[in-house]
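Asks: Take this structure, written in structure tokens, and hold onto it; I'll ask about it next.
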Amino acid sequence: MSILYAVVARGSTVLAEHGAASTNASSVARQVLDRLPDGGADSHVSYTQDRYVFHAKRTDGITALCMADDAAGRRIPFAFLEDVHGRFVKTYGRAALTALAYAMNDEFSRVLGQQMDYYSNDPSSDRINRMRTEISQVRNVMIDNIDKVLERGDRLDLLVDKTTTMQGNTVRFKRQARRYRSTVWWRNVKLTAALILLLLVIIYIVLFFMCNGFTLPTCIR
């Protein structure tokens, strides 16, 4: 699968071209340029010549054309033409509308050669395949993430069990603490009552001796 020839033209005037093989591509390309619809309307067409296919893209009066073998299909050649056309217009702008034949050939022929090699040999040049590869990579990452989430879920279940156990222990501890506080409170109440009672007994004994009897006769009169 390869792109063997490329040309950028205004109408039938060739502005730049590059051929990667010794073929009659240049002469056939000129015939294709002449056969493009009149009026300068935008067009995307393909013509078969023996084992090769000539693909042409014309936009805003500038035509990018290439020759590729049958195995290249249409998607990659037209992606190449889109790229080349964009680079050419960005580089030369409106100057291309009045330029003489081959005026940009010295400079832009190298660009054509570089992009022909890229679209012929680099798998990433095919956007569809590149997207499929990226989608496949994203899917693999998602599967890995799901596996990690599932594994993390097992760990979370174990953590939930431990948390539940800790919560149960906390509830039991709070109950035991309340019972202990209640026990200490009642113990303090009983101790206080016993101290008050003992104090009253001591006071009565002192009064008993001071007031001469159980009925405290001398103190009550």
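Derivation of every value follows stated rules applied to the coordinates shown; laboratory data play no part. All values reported here derive from a predicted model rather than from experimental measurement. Every residue, glycine among them, receives a Cβ derived from its backbone with ideal geometry; neighbour counts consider all protein chains shown.
Asks: In segment 79-122, what chymotrypsin sites (Phe, Trp or Tyr not before Pro) fall in a loop by DSSP, with at most 14 other Cβ atoms inside 10 Å? Walk me through the numbers on the way to the answer.
Replies: Working: sites: PHE80, PHE88, TYR92, TYR102, PHE108, TYR118, TYR119; in loops: TYR102.
The qualifying sites are TYR102.
Asks: DSSP loop (so not H, G, I, E, B), at most 13 other Cβ within 10 Å: list which trypsin sites (Lys or Arg not before Pro) in segment 56-95 pass both filters. Numbers along the way, then the final one.
Replies: On the way: sites: LYS57, ARG58, ARG74, ARG75, ARG87, LYS90, ARG94; in loops: ARG74.
Counting only loop positions with at most 13 other Cβ atoms within 10 Å, the trypsin sites (Lys or Arg not before Pro) in segment 56-95 are ARG74.
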